[in-house]
Amino acid sequence: MDLSDAAPPPAPAPGQEPELVALARTLGERLRDAGLMAVTAESCTGGMIAAAITEIAGSSVWFERGFVSYSNEAKQDLLRVRPGTLRLHGAVSEQTAGEMACGALGHSHAGFAIAVTGVAGPGGGSPEKPVGTVCFGWAIDGVGFATETRWFPGDRAAVRLGTALHAMSRAIEFIDALGHWPGWPGPSVDPTADPKD
């Protein structure tokens with residue numbers, strides 16, 4: 001059989017990229033060890049982070065829910081992002097990402113939140129916020145929150161994948177640092193619980 005003209009295998013669906021799923025598995029191990037449930041609040045990634053997480057069997061032990069808040073109205077309705085924040089700083093801002101993360105905690109039973117909002121392209125950019133600009137927020141119940149802005153090169157798919165990878169990589173770093181936090185109250189869920197799925 002001549003395979004010289006065979007079509008290449010299809011690309012993984014968003015959220016199913018091997019490197020993303022592998023990172024989600026590591027994130028899950030860290031969350032489970034810390035006794036934390038996670039919640040996601042995604043805009044430009046449209047649920048990719050939650051999709052990668054739920055590729056992992058047993059992730060119900062450490063993943064509580066995910067929000068896809070693509071429009072400004074959704075950010076306000078689902079996550080209680082303040083209209084003034086959106087008006088003054090825009091949807092793609094560290095201020096909005098921080099409020100998304102804190103709002104996700106407030107509207108879930110999770111103890112750790114990941115939030116992303118950005119310009120994935122190909123349109124929608126500006127001189128101040130070109131395509132590839134993404135703002136991140138991470139929040140830990142009882143500890144605080146952090147925000148960050150990054151720029152990712154490439155097309156829409158590359159920007160979205162880079163965003164999801166960075167969001168989870170930094171989440172792992174924050175969880176790893178929890179053991180050194182003087183006020184860390186300890187696990188919020190039983191890390192030995194049996195997964196539901």
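The values are calculated or read from the model by the stated rules, or taken from the named source; none is laboratory data. Everything quoted here is computed from the prediction, not taken from an experiment. Neighbour counts are summed over all protein chains in view; Cβ atoms, including those assigned to glycine, are modelled from backbone coordinates with ideal geometry. The protein model used for the area step is the full one, side chains on, heavy atoms only, and it has no ligands, DNA or RNA in it. Shrake-Rupley method; radii C 1.70, N 1.55, O 1.52, S 1.80 Å.
Scan the range 61-83 and tell me whether some residue there is among the aliphatic types (A, V, I, L, M), closer than 21 Å to L178 by Cα and touching a Leu at 6+ places or on another chain (Cβ under 8 Å). No, the conditions are met nowhere in the range 61-83. Scanning the range 112-133 for residues that are farther than 19 Å from V68 by Cβ, open to solvent by 10 Å² or more (accessible area, probe 1.4 Å) and part of a loop (DSSP other than H, G, I, E, B) turns up P122, G123, G125, S126, P127, E128, K129, P130, V131.
Residues that are farther than 21 Å from E173 by Cα and in contact (Cβ under 8 Å) with a residue 60 or more places away in the chain within the range 108-137 comprise S108, H109, G118, V119, A120, listed in sequence order. In the range 80-95, the residues that are under 14 Å from S43 (Cα atoms) reach residues that are of a type in the set (V, I, T) and open to solvent by 20 Å² or more (accessible area, probe 1.4 Å) with C-beta atoms within less than 6 angstrom, at least six apart or across chains, in these pairs: E94/T147; E94/T149.
Scanning the range 7-28 for residues that are open to solvent by less than 30 Å² (accessible area, probe 1.4 Å) and assigned to a helix (DSSP H, G or I) returns L20, V21, A24, L27, G28.
If you go through the range 50-64 and pick out every residue that is in contact with a Pro (Cβ under 6 Å, 6 or more places away or on another chain) and assigned to a loop (DSSP other than H, G, I, E, B), you end up with 1.
Checking each residue in the range 126-142 for being of a type in the set (A, V, I, L, M) and over 12 Å from A101 (Cβ atoms) picks out V131, V134. Considering (1) open to solvent by 10 Å² or more (accessible area, probe 1.4 Å); (2) under 15 Å from the mean Cα position of the chain (by Cα); (3) of a type outside the set (S, T, Y), say which one A104 fails and leave the rest. Evaluating A104 over (1) open to solvent by 10 Å² or more (accessible area, probe 1.4 Å); (2) under 15 Å from the mean Cα position of the chain (by Cα); (3) of a type outside the set (S, T, Y) leaves (1) as the failure.
Within the range 56-72, residues that are more than 19 Å from G111 (Cα to Cα) have Cβ atoms under 9 Å from residues that are modelled with pLDDT under 95 in these pairs: A57/P195; A57/D197, counting only partners at least 6 apart in sequence or on another chain.
Quick one: would you say F145 is in contact with a helix residue (DSSP H, G or I) (Cβ under 6 Å, 6 or more places away or on another chain), open to solvent by 50 Å² or more (accessible area, probe 1.4 Å) and touching a residue at least 12 places away in the same chain (Cβ under 8 Å)? Yes.
Considering only residues in the range 67-98 that are part of a helix (DSSP H, G or I), of a type outside the set (G, A, S) and open to solvent by less than 30 Å² (accessible area, probe 1.4 Å), the one that is farthest from R150 (Cα to Cα) turns out to be L79.
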